[in-house]
Amino acid sequence: MGFTKIQDAIRARDVASLKVLWNKLVPIWDDRTFYDFVASSEAFSKLSFHHREVFGQVGFGTGGWDSDFPNSMLEIFRVVMTNCDEDQRLIVGGAEQVPRGLWEHAPSNLTHWPAGTTLASLHSGGTRPGVARIAHADNGFEITDVWGVARRYPAVLVTCQGWLLTTQIRCDESLFSYKLWTAVDRTRYMQSSKTFVMVDRPFWRDKDPKTGRDVMSTTLTDRLTRGTYLFDNGDDKPAVICLTYSWMSDALKMLPHTVEHRVRLALSALKQIYPDVDIASHIVGDPITVSWEADEHSLGAFKGALPGHYRYNLRMYSHFMQDDLPAHQRGIFLAGDDISWTPAWVEGAVQTALNAVWGIERHFGGRTHPDNPGPGDVFAEIGPMELPD
């Protein structure tokens, strides 16, 4: 498979070698699932089915591997080969600090605005209302917001979840080719559910008199909670428990229930594991829960490509290369982690944003500096390989 060689090429930033090695894997593994890989691997073929069950429960980061068993093996290769599952860090304030940071960033070396200008200041501190319609207009596009106000722009960058283009935003069918519409609509998003409670202190550090160990710890299980994670801010300070972090069918079990019932279900499951720990007595404040698939602006946590989806992903990812598109399909660009090859990782969102910036620049007749070529300038040499339709 060349796992070590690929990682060596990544470390050495040897793009040419990396592309050769990766291109060998694409036609072999796009049609095969993660479970197929596990079940047929030399290591697991010598072990029992129970070992595969346990492996599925462990997972990486905060997700059980068995939730990814139906995914294309290429999805898993990308995660492990680029070490996305290693050296993870807690972002104080949450991942939303990334877009907030971009919104408030004040560069000192701007060309078209005074130094220190921010996106927030350019928009008077507030964003526009949500988009309800995208349509063609003379020499550009007409964007209508949810209050019916229409504005015209020479180009459009779409960064929302792809399905919203067919469920919430009325789009002219002619904006994209039928193949691109198919790719967007066939995107498969993974369900996910979390339920958090605040507790009075990190009581899990208390010692069990029988064992001398902490009375509770991070808990991975095959029961309803699947993953329970503990966050503390220091001794005798309020802390947080993620009672349940679940995916796919386990997340759907929570979908119809209120936050209070979700907490009760999680506490009941954890009681079977920690019969002597009274978690409920430490809860303060109101619990918080989220099911991304029930959020009308998310419709799922993130993309998880199924076997055969490489072609769909390539259509979306390479859409910023518009020289060969008919004129009426140029000028609208897609970006976001679900357009990238690394869904759920901010790197994918940033990469596709840079691709789109290059595409918009070219659309307006601009070009990159010859000493600093953009993604489209080198796409023919290092862009993703194509598979035959």
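The values are calculated or read from the model by the stated rules, or taken from the named source; none is laboratory data. A quick note: this is a predicted structure, and the numbers were derived from the prediction, not measured. No Cβ is skipped: glycine too gets one built from the backbone with ideal geometry, and neighbour counts run over all protein chains shown.
Brief remarks follow.
- Annotation note: of Val346, Val357, Val350, Val277, the sole residue that is of a type outside the set (D, E, K, R) and assigned by TED's automatic domain parsing to the domain that holds Gly227 is Val277.
- Applying the criterion of being among the β-branched types (Val, Ile, Thr) and within 26 Å of the chain's Cα centre (by Cα) to the residues of segment 147-169, the residue that is nearest to Asp338 (Cα to Cα) is Thr159.
- Residues of segment 323-363 that turn out to be in a loop (DSSP other than H, G, I, E, B) and β-branched (Val, Ile, Thr), as a count: 2
- Single residue of Arg315, Arg330 found to be over 26 Å from the mean Cα position of the chain (by Cα) and among the charged types (D, E, K, R): Arg330
- Any hit, segment 35-46, residues being outside any helix (DSSP H, G or I) and at pLDDT below 95: yes
- Any hit, segment 92-106, residues being out of contact with any strand residue (DSSP E or B) (no Cβ under 9 Å at 6 or more places or on another chain), modelled with pLDDT of 95 or more and farther than 30 Å from Phe231 by Cβ: yes
- Filter result for Ile91 (surrounded by 11 or more Cβ atoms within 10 Å (Cβ to Cβ), in a loop (DSSP other than H, G, I, E, B), out of contact with any Cys (no Cβ under 9 Å at 6 or more places or on another chain) and not assigned by TED's automatic domain parsing to the domain that holds Lys253): yes
- Among the residues of segment 109-131, those identified as under 19 Å from Gly148 (Cα atoms) and in a loop (DSSP other than H, G, I, E, B) are Gly126, Thr127, Arg128, Pro129, Gly130.
- Selection of segment 213-235 for residues being assigned to a loop (DSSP other than H, G, I, E, B) and either closer than 17 Å to Asp200 by Cα or not assigned by TED's automatic domain parsing to the domain that holds Ile283 (or both) yields Val215, Met216, Ser217, Asp232, Asn233, Gly234, Asp235.
This table checks each residue for (1) closer than 19 Å to Asp200 by Cα; (2) surrounded by 18 or more Cβ atoms within 10 Å (Cβ to Cβ); (3) among the hydroxyl-bearing types (Ser, Thr, Tyr); (4) touching a residue at least 60 places away in the same chain (Cβ under 8 Å).
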{"site": "Pro275", "(1), (2), (3), (4)": "no, no, no, no"}
{"site": "Thr289", "(1), (2), (3), (4)": "yes, yes, yes, yes"}
{"site": "His297", "(1), (2), (3), (4)": "no, no, no, yes"}
{"site": "Phe302", "(1), (2), (3), (4)": "no, yes, no, yes"}
{"site": "Ala305", "(1), (2), (3), (4)": "no, yes, no, yes"}
{"site": "Gly308", "(1), (2), (3), (4)": "no, no, no, yes"}
{"site": "Arg311", "(1), (2), (3), (4)": "no, no, no, yes"}
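- The set of residues in segment 58-73 that are part of a helix (DSSP H, G or I) and at pLDDT below 85 contains only Val58.
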